[in-house]
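The values are calculated or read from the model by the stated rules, or taken from the named source; none is laboratory data. Keep in mind that this is a model prediction, so the values were computed, not measured. Every residue, glycine among them, receives a Cβ derived from its backbone with ideal geometry; neighbour counts consider all protein chains shown. Side chains are part of the model used for accessible areas, which takes the heavy atoms of the whole protein and leaves out ligands, DNA and RNA. Shrake-Rupley method; radii C 1.70, N 1.55, O 1.52, S 1.80 Å.
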Amino acid sequence: MTADPSTTKPIKADDAETIETDVAIIGAGLTGSLAGAVLARAGYRVVLIDKRTVPPHEFRVEKIAGTQVEIFRRLGFLGDIEAASSTFDRVLNIREGKVVDVSVRRAYGIRYSDLVATARRLLPDSSSFIRDEVTGINCSADLQHLQLASGKRVTSRLVVLATGMAGALGYNLGMTRRVLAARHSVSFGFSIAAPEDAPFDFESLTCYGGRTTDGVDYLNLFPVPDGMRANLFLFRDPNDPIMRELRRDTKATLFRLMPGLQHYVGEFRVIDQVQNWVMDLSVIEGHVQPGIVVVGDAFQTNCPAAGTGVSRLLMDVERLCTEYVPHWLETDGMGIEKISQFYSDPDKIAADQRSLQVAHFRQALASSTDIRWNVQRRLHFLRRSITHRVDRIRPGWIARVRSALR
Ligand SMILES: Cc1cc2nc3c(=O)[nH]c(=O)nc-3n(C[C@H](O)[C@H](O)[C@H](O)COP(=O)(O)OP(=O)(O)OC[C@H]3O[C@@H](n4cnc5c(N)ncnc54)[C@H](O)[C@@H]3O)c2cc1C
């Protein structure tokens, strides 16, 4: 559905003290930028506000894969993502020095800052982007008012709050965050290079942790346009001395935590800063309010090891911007009855719940010493390696059996 062209005159953000628009999006990370692009391309007046002109080099999602690829395709953005990334099709999966299996599927490696910059470029009119900090919000069932640090104001019919996991703005409206799992996981991100910058022997490699006491879920190595990235995910006390060792003597600590890794990776050096994050799993509360809708990490945080953050935010963007906002803008008002339709969307709820389920699954698989999980862990990797071996002997056989059984 597209907007009535008579109401879609571009805004002149720089020369107006009060900017009027249909939708004001606060936060131009991946969620806000994609939401802005979808709505603006459908003809709605959109203002996208972020306090930073250039997305910083922060460690966040660095690869797009699986269902995420499908949603990017549906939104019409996959070509742009592909042009800015390194593509890879095969991941060699190893554990305790042995091959578990080889996953074959198209994936895209890209730094988060480049991903966000690409998403911002999808806006059809760059003047819809405003570099500013939103310092105040006033929402109602009629019009919404934003106060910016520069003194400018924005008036809109709807506010989309996409301020990420640290966004404090919702607190001004009485929203709170409920922590579901404090310090749930620890993630490390850094770049590596082989001696003399020779190519590695693999396209992409995942090494799973072996001992539950180490709490290592997996190390994933994959290409991005400027080299080879490493993402390491652990479920372990963030104050454990191993964290400092991983930052200071990364390679030796990895080889110690994952015996057998060296055989597949060979010698390498870490060539940039080792960034790390400690993640809480949390969800927003008190968010069902008129005039404002909360999306992406601002709504719920994710376990990086689960790799579901982008699936969730893409679901938010797709359902909100292709289904609900077009209907909401057809009639006057932006009351709770409209806003709550989005939060009740079955696909959105399923994506949010799945993200939490996968987070708990990964934690238990990597670190639970419970007997049930010891058995489950063995079965999990055994099943994968049997499937891999059978499929190597008789390619496509497993897929044919599965489809025959359906
Ligand atoms: C270490 C790590 C690894 C991850 N790995 C994966 C992975 O492999 N796979 C996966 O699917 N997901 C992963 N994720 C999750 C994924 O990165 C996030 O879900 C995603 O980046 C969230 O995007 P966002 O736009 O909601 O938030 P953000 O990217 O945080 O964007 C929020 C934006 O809001 C702006 N902002 C905030 N307050 C204001 C204000 N008052 N005024 C103006 N602007 C404001 C900020 O400047 C920022 O640009 C990972 C996360 C982390 C932390």
Quick one: is Gly210 at positive phi and in a loop (DSSP other than H, G, I, E, B)?
no
Can you name the number of the only condition in (1) crowded, with 19+ Cβ neighbours inside 10 Å; (2) over 19 Å from the mean Cα position of the chain (by Cα); (3) under 18 Å from Leu221 (Cα atoms) that Ser85 fails?
(2)
Given the conditions (1) β-branched (Val, Ile, Thr); (2) open to solvent by 20 Å² or more (accessible area, probe 1.4 Å); (3) not in a strand (DSSP E or B), report the number of the one that Val179 does not fulfil.
(3)
Given (1) in contact (Cβ under 8 Å) with a residue 12 or more places away in the chain; (2) surrounded by fewer than 16 Cβ atoms within 10 Å (Cβ to Cβ), index of the condition Tyr264 fails:
(2)
Scope segment 124-143; condition within 14 Å of the ligand (Cβ to nearest atom) and either under 24 Å from the mean Cα position of the chain (by Cα) or within 18 Å of Leu329 (Cβ to Cβ) (or both); matching residues
Phe129, Ile130, Arg131, Asp132, Glu133, Val134
Looking at (1) away from the ligand (no atom under 13 Å from the Cβ); (2) of a type in the set (Ser, Thr, Tyr); (3) more than 25 Å from Gly335 (Cβ to Cβ), can you tell me which one Ser156 breaks?
(3)
Of all residues in segment 173-198, which are more than 23 Å from Leu320 (Cα to Cα) and within 14 Å of the ligand (Cβ to nearest atom)?
Arg183, His184, Ser185, Val186, Ser187, Phe188, Gly189, Phe190
For segment 374-394, the count of residues that are touching a residue at least 40 places away in the same chain (Cβ under 8 Å) and either in the same structural domain as Ile94 (by TED's automatic domain parsing) or outside any helix (DSSP H, G or I) (or both) equals 0
For residues that are closer than 27 Å to Asp80 by Cβ and in a loop (DSSP other than H, G, I, E, B), tally how many sit in segment 118-165.
9
Taking segment 344-353 only, how many residues are out of contact with any helix residue (DSSP H, G or I) (no Cβ under 8 Å at 6 or more places or on another chain) and of a type outside the set (A, V, I, L, M, F, W, C)?
3
Could you tell me which numbered condition Asp280 fails, if it satisfies all but one of (1) assigned to a strand (DSSP E or B); (2) open to solvent by less than 20 Å² (accessible area, probe 1.4 Å)?
(2)
Positions within segment 84-116 being in contact with a helix residue (DSSP H, G or I) (Cβ under 8 Å, 6 or more places away or on another chain) and hydrophobic (A, V, I, L, M, F, W, C), in sequence order:
Ala84, Leu92, Ile94, Val99, Val100, Val102, Ala107, Ile110, Leu115, Val116
Among the residues listed as Asp80, Asp89, the single one being touching a strand residue (DSSP E or B) at 6+ places or on another chain (Cβ under 6 Å) and of a type outside the set (Val, Ile, Thr)
Asp89
For segment 267-316, what are the residues that are of a type outside the set (Asp, Glu), more than 9 Å from the ligand (Cβ to nearest atom) and touching a Pro at 6+ places or on another chain (Cβ under 8 Å)?
Phe268, Arg269, Val278
Considering each residue of segment 150-174, count those that are among the aliphatic types (A, V, I, L, M) and at pLDDT 95 or above, and give that number.
6
Suppose we filter segment 103-135 for residues that are of a type outside the set (Ser, Thr, Tyr), modelled with pLDDT of 95 or more and open to solvent by less than 60 Å² (accessible area, probe 1.4 Å); how many remain?
15
Residues of segment 328-351 satisfying the condition of being touching a residue at least 60 places away in the same chain (Cβ under 8 Å), part of a helix (DSSP H, G or I) and surrounded by 14 or more Cβ atoms within 10 Å (Cβ to Cβ):
Trp328, Leu329
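Yes or no, residue by residue, for (1) open to solvent by 50 Å² or more (accessible area, probe 1.4 Å); (2) without any contact (Cβ under 8 Å) to a residue 12 or more places away in the chain; (3) within 28 Å of Asn374 (Cα to Cα); (4) not in a loop (DSSP other than H, G, I, E, B):
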{"site": "Asp201", "(1), (2), (3), (4)": "yes, no, no, no"}
{"site": "Asn220", "(1), (2), (3), (4)": "no, no, yes, yes"}
{"site": "Ala230", "(1), (2), (3), (4)": "no, no, yes, yes"}
{"site": "Arg244", "(1), (2), (3), (4)": "yes, yes, no, yes"}
{"site": "Arg247", "(1), (2), (3), (4)": "yes, no, no, yes"}
{"site": "Leu254", "(1), (2), (3), (4)": "no, no, yes, yes"}
{"site": "Pro259", "(1), (2), (3), (4)": "yes, no, yes, no"}
